[in-house]
1. Report every pair of residues separated by at least 6 positions or lying on different chains whose Cβ atoms are under 7 Å apart, first residue within segment 352-371 and in contact (Cβ under 8 Å) with a residue 40 or more places away in the chain and of a type in the set (D, E, K, R), second away from the ligand (no atom under 15 Å from the Cβ) and open to solvent by 20 Å² or more (accessible area, probe 1.4 Å).
2. Suppose we filter Leu374, Leu362, Leu351, Leu379 for residues that are closer than 25 Å to Tyr72 by Cβ and buried (at least 20 other Cβ atoms within 10 Å of the Cβ); which single one remains?
3. Condition first: within 13 Å of the ligand (Cβ to nearest atom), buried (at least 24 other Cβ atoms within 10 Å of the Cβ) and touching a residue at least 60 places away in the same chain (Cβ under 8 Å). Now tell me which residues in segment 265-274 satisfy that.
4. Give just the number: which of (1) at pLDDT 95 or above; (2) within 16 Å of the ligand (Cβ to nearest atom) does His71 not satisfy?
5. If I ask for residues that are within 14 Å of the ligand (Cβ to nearest atom) and aliphatic (A, V, I, L, M), which ones from segment 339-363 would you list?
6. Looking only at residues in segment 368-410 that are basic (Lys, Arg) and farther than 30 Å from Ala184 by Cα, which one is modelled with the lowest pLDDT?
7. If you scan segment 231-255, which residues turn out to be open to solvent by 10 Å² or more (accessible area, probe 1.4 Å) and among the basic types (Lys, Arg)?
8. Check off (1) over 18 Å from the mean Cα position of the chain (by Cα); (2) of a type in the set (Asp, Glu); (3) under 30 Å from Gly348 (Cβ atoms) for Glu226 and give me the number that stays unchecked.
Amino acid sequence: MPPPSTAPAPSWARSSGAPADVLVVGGGIIGLVTAWRAARGGLRVTVADPWPGGGAAQVAAGMLAAVTELHYGEETLLALNLASARRYPAFVAELTEASGQDLGYRECGTLAVALDGDDRAELRELHALHERCGLDSQWLSGRECRRLEPMLAPGVRGGLRVAGDHQIDPRRLSSALLVACARAGVAFRRERAARLLVEDGRARGVLLAGGGELTARQTVLAAGCESGRLDGVPPEVAVPVRPVKGQVLRLTVPAGYGPFLSRTVRAVVRGGSVYLVPRENGELVVGATSEEQGFDTTVTAGGVYELLRDAHELVPGLTELPLAESRAGLRPASPDNAPLLGPTALPGLHLATGHYRNGVLLAPETGEVMAYALTHGELPEAARAFSPRRFEGPSHSPAPRPALPQELSA
Ligand code: GLY
């Protein structure tokens, strides 16, 4: 028999209770879906967050816009987005069953419209990109757009009908995930993680702001744009996320008003994107600004003005509706706009962040990918392009050069 080791036991072995298999830092939609899927896969999971279910989930509009938010050079991301969109119906059914809650999922499609000649040319380009990528997207005249949505401004010059871009209510989604997590045995620690614990070259959990420790065999950083601010993360682990502020309004279509909009409607106005997401309960979400303002979530007069001005150009009748709420949230953007998923250079440390504009859309796929990574120690084949290791080391290139339009058609 070998002699007993004189080296100090690792901190997870010194914890009073047994360490969790997985500690998820961050209880937003991405942290919760990771925790839920990992727990459903048989792992013992703890989530650390002072306000689980808060953050961007309380602000986001919940568009599942894999096709209408496609950008040149993002075909790899498109594949992940489409995979997640395909998972949505089964994911919603399973989560509804697991939580007993309605998620506000609507298979309503999206109409992207053009208000002037420049917008029309831009939308035509997007349509051509959709066709090159084999996506379901139909060009409509202005009149056809207004037939679908009579509240649209008479000046609408044409549009794209994308039947597969749906919506979900992110507040309901995060609330259902909280219940499903609790029912699956996930433990919650309502405290801020202050520092990553690293011992013998391995992540061992976190030191909490209140002084306690949470230890686990594997730690997942899923704290949105805060993920890059956790102390103690070694320099060889790149967490290149930055906040991109989005201001969002919520209006109310009064009961008995009649149909206002029947699907998500969006447009590019003066170079900025505006979208209107109508819920079945009468809520009409108007989003969103896109601002590089650091960690600032102030709602500004300018932001509200911009949103109402652009939304009014699109749907003039909207200014009659009561304004119920204005909020700002922070999108966790990565250098190439794609998420950072799975193991890092530090054993025991995973990332699930950097989802930028697609956090709600990517929830089902992220849950599956992270549960796989946490049980197998590596990413599934289809998600390898999203490894955080693409940004690690001296030779990392922060952002792959976007493909040119002519390259996309090749
Ligand atoms: N996906 C919508 C937004 O980020 O504003």
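The values are calculated or read from the model by the stated rules, or taken from the named source; none is laboratory data. A quick note: this is a predicted structure, and the numbers were derived from the prediction, not measured. Reconstructed Cβ throughout: ideal geometry from the backbone, glycine too, with neighbour counts over all protein chains shown. Keep in mind that these areas ignore ligands, DNA and RNA; they rest on the heavy atoms of the full protein, side chains included. Shrake-Rupley method; radii C 1.70, N 1.55, O 1.52, S 1.80 Å.
1. Listed pairs, sorted by first residue: Glu365/Ala83; Glu365/Arg87; Glu368/Arg37.
2. Step by step, each of Leu374, Leu362, Leu351, Leu379 is checked, and only Leu362 is closer than 25 Å to Tyr72 by Cβ and buried (at least 20 other Cβ atoms within 10 Å of the Cβ).
3. Let us first name the residues in segment 265-274 that are within 13 Å of the ligand (Cβ to nearest atom), namely 266, 268, 272-274.
When the remaining residues are screened for being buried (at least 24 other Cβ atoms within 10 Å of the Cβ), the result is 266, 274.
Arg266 - this is the single residue of segment 265-274 that is within 13 Å of the ligand (Cβ to nearest atom), buried (at least 24 other Cβ atoms within 10 Å of the Cβ) and touching a residue at least 60 places away in the same chain (Cβ under 8 Å).
4. His71 satisfies all of (1) at pLDDT 95 or above; (2) within 16 Å of the ligand (Cβ to nearest atom) except (1).
5. Answer for segment 339-363, where residues must be within 14 Å of the ligand (Cβ to nearest atom) and aliphatic (A, V, I, L, M): Val360, Leu361, Leu362, Ala363.
6. Keep residues of segment 368-410 that are basic (Lys, Arg), which gives 384, 389-390, 401.
Still in the list and also farther than 30 Å from Ala184 by Cα: 389-390, 401.
Numbers: Arg389: 96, Arg390: 95, Arg401: 34.
Residue satisfying both the conditions and the ranking: Arg401.
7. The answer is Arg242, and nothing else.
8. Of the numbered conditions (1) over 18 Å from the mean Cα position of the chain (by Cα); (2) of a type in the set (Asp, Glu); (3) under 30 Å from Gly348 (Cβ atoms), the odd one out for Glu226 is (1).
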